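So the structure is just underneath, and the comments pick up after that.
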Amino acid sequence: MELENGTPTTSSGDVADLLPLGSVSQQPYVSELLSFTLDRLHKEPELLRVDAERIQRQMQEVAVGNYRAFIAAADALLAIQGQVTSIDNHLDSLINEIPKLTSGCTEFLESAEQILEKRKMNKTLLANHSTLLDLLEIPQLMDTCVRNGNYDEALDLEAFVCKLSTMHPKLPVIQALAAEVRHTTQSLLSQLLHKLRSNIQLPECLRIIGYLRRIGIFSEYEMRLQFLRCREAWLTGILEDLDPKNPYEYLKGMINCHRMHLFDVVNQYRAIFADDTSGSEENYDGGLLFSWAMHQITSHLKTLKVMLPKITEGGSLSNILDQCMYCAMGLGWVGLDFRGLLPSLFEEAVLNLFSKNMNTAVENFQLVLDSHRWVPLPTVGFPVNNVGDESQEDVNPPSNLMEHPPLAVFVNGVSAAMNELRPCAPLSLKHVLAHELIKGLQAISDSLLRYNATRMLRENESGLFLSLCRAFTEVAYPHSAMCFGRCYPGGAALIMDAKSLYDGVGRLLSVSSSRELPKPKDNVVKPNSSENVDQPPVENGVGPDVEKTEGTDTEVKEENTVESQINEKEAEAQSSPRAS
């Protein structure tokens, strides 16, 4: 503010700040007021009031004249306010939905990328359709090759799939393909092992082992073990087809099987798995073949031990022994000669067979003796010197034994036992079998003594019984010794050296002879006297009275005859060869 002519002055800016009408839009009016005189300024309020009333009236007139427009404008304003509020609410909702829209767009982009990737894969698949089809047909093709026996092609396919699986370990299709191929490979392995369990020759064995090595499932040692297991299963199958109810045929089949096939298996093993002499553990079987072969030989011998006692014929035993010897000799070419293990088995079988036959002869004698009726039988002529005659080729039982059925049955049993012994008579069992024969003869002697002690016989029955006892000591016993001598050189001497076993029977005969007193010749009744109805029967062509008159002289003559026969028989037994 400056002072001009002693009167304070104010600038327009200061007036705008001091007056309420100092806004920019009212500046012209304020400038006009400042230009008025004082009187004019005093009139200005009245003028302003008059102008205000005039404007008020004009506004009222305009309002009355245009009230519809004002009402419409008011309605429009209200509507606009409502619309603006709705828009504001919609904008809020839009703002709230924008994140969802953003996430939806993101998901759409991701799914679109996946769809594009799948489309790309489908295009690639379509472009390589034929190649993939060939790959997917590999398991079926490999299975067909296995079924038709085309193992080389099947193994080529298996190697190709394994290579693919190694190159693409993360591809599900390739891994599924590899799993199917592994399943088919197991089928191939089973088929190859089944072929090893059949009758195949060395070339086929070589091919199968070559296939197994290409598969690579087994190590070298496991492959050798698997080969022997399969071949053993084949041998076991052959033996299971045999009929164990017929021991002779079963043993024949088993021996032929081992003679032919065991020899082949050992040669096949040695040809396929040639041991490396360089000391490599991979090519060394650790004695596997030896252990397996020992197992087979042990099983063979165990079967012989079980089945030989069931054979009841000496000829069959001899045939089995010959075949076993031939089998062992053939296996000796591959180091499996077991001939040294056979004698003990066959000796036991021969001893059991001979003992069984002798026991049967003694039992039959006892049965016939217990049921025998002492009646005289027709006399059969028999030369005395035939009892100890060993010069004949065939030893026939003395025919006069037919007068004594119990002794005839026993001698038949002894002859049957000797016939079963002759084809297979081990020299080592000479004394043992002689003891068995002596034991049987001892049983007969004891049975006769027991029969005499427990039975009450009439005079004629006693005479027949004593005749049977005499036939035992003079005929049956030497004949049994002679038969044993035909089986073993010098065997008759072993039996005759034990003749003291029938001393009881000899004493019985001596006592019975001493009790028979000689009768006067006047009392002798001639055999053709028709008046003697109750004449006792004739025994051995000699009447009882004649025997009584002869007395001790006859017995001495008989004993001398028997001793001479025995001496002749022993001399001939020492010079005669062993019967075949």
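The values are calculated or read from the model by the stated rules, or taken from the named source; none is laboratory data. The structure presented is a predicted model; accordingly, all values stated were derived computationally and were not measured. Every residue, glycine among them, receives a Cβ derived from its backbone with ideal geometry; neighbour counts consider all protein chains shown. Note: accessible area is taken over every heavy atom of the protein model, side chains too, but ligands, DNA and RNA are not part of it. Shrake-Rupley method; radii C 1.70, N 1.55, O 1.52, S 1.80 Å.
Taking all protein chains together and rolling a 1.4 Å probe, Arg197 ends up with roughly 100 Å² accessible. Size descriptors for region 115-244: radius of gyration and Dmax over Cα atoms are 19.7, 76 Å. Ordered from largest to smallest accessible area (heavy atoms of protein chains, 1.4 Å probe), the residues Glu347, Glu110 come out as Glu110, Glu347. Around Leu135, with a cut-off of 14 angstrom between Cβ atoms, what is the net charge of the other residues, counting Lys and Arg +1 and Asp and Glu -1? Local net charge: -3.
The slack in the chain from Asp134 to Asp446, taken as 0.36 nm per residue of separation less the alpha-carbon distance, amounts to 102.8 nm. Positive contributions from Lys and Arg (+1) and negative ones from Asp and Glu (-1), summed over other residues with Cβ under 15 Å from the Cβ of Glu61, come out at +2.
Using the Cβ of Ile217 as centre and a radius below 15 Å, the other residues enclosed give a net charge of +2, where K and R count +1 and D and E count -1. Heavy-atom accessible surface of Phe160, to the nearest 10 Å², is about 90 Å², with a 1.4 Å probe and all protein chains retained.
Spin-label model, Leu171/Arg40: points 7 Å from Cα along the beta carbon direction are separated by 10.6 nm. For Val414, the accessible surface of its heavy atoms amounts to roughly 0 Å² (probe 1.4 Å, protein chains only, rounded to the nearest 10). Taking 0.36 nm per residue of separation and subtracting the current Cα-Cα distance, fully stretching the chain between Met59 and Asn267 would add 61.2 nm.
Think of each Lys and Arg Cβ as +1 and each Asp and Glu Cβ as -1; about the Cα centre, that makes the dipole of region 287-381 roughly 140 debye. The label point for Ile238 and the one for Glu32, both projected 7 Å from the Cα toward the Cβ, are 14.5 nm apart. Ordered from largest to smallest accessible area (heavy atoms of protein chains, 1.4 Å probe), the residues Ile215, Ile95, Ile209, Ile238 come out as Ile95, Ile238, Ile215, Ile209. For the residues Ser355, Ser23, a 1.4 Å probe over the protein chains yields an accessible-area ranking, largest first, of Ser23, Ser355.
Across region 209-335, the relative contact order, built from alpha-carbon pairs under 8 Å that are at least six residues apart, equals 35 percent. Computed from the C-beta positions of Arg455 and Leu427, the FRET efficiency with R₀ = 51 Å rounds to 0.75.
Taking N as the residue count of region 176-247, its C-alpha radius of gyration divided by 2.2 N^0.38 Å amounts to 1.36.
In region 118-244, Cα pairs under 8 Å separated by at least six residues give a relative contact order of 21 percent.
Working out 0.36 nm times the residue gap between Val50 and Asn199, then minus their Cα-Cα distance, what length gain in nm do you get to one decimal?
Taking 0.36 nm per residue and subtracting the Cα distance, the gain is 39.4 nm.
The convex hull of the Cα atoms of region 70-176, projected and averaged over all directions, covers 12.4 nm². Between Trp374 and His183, the simple spin-label model (points 7 angstrom out along Cα→Cβ) gives 9.2 nm. Rounded to 0.05, the FRET efficiency of the Leu225 and Thr360 pair, given R0 = 41 Å and the Cβ-Cβ distance, is 0.25.
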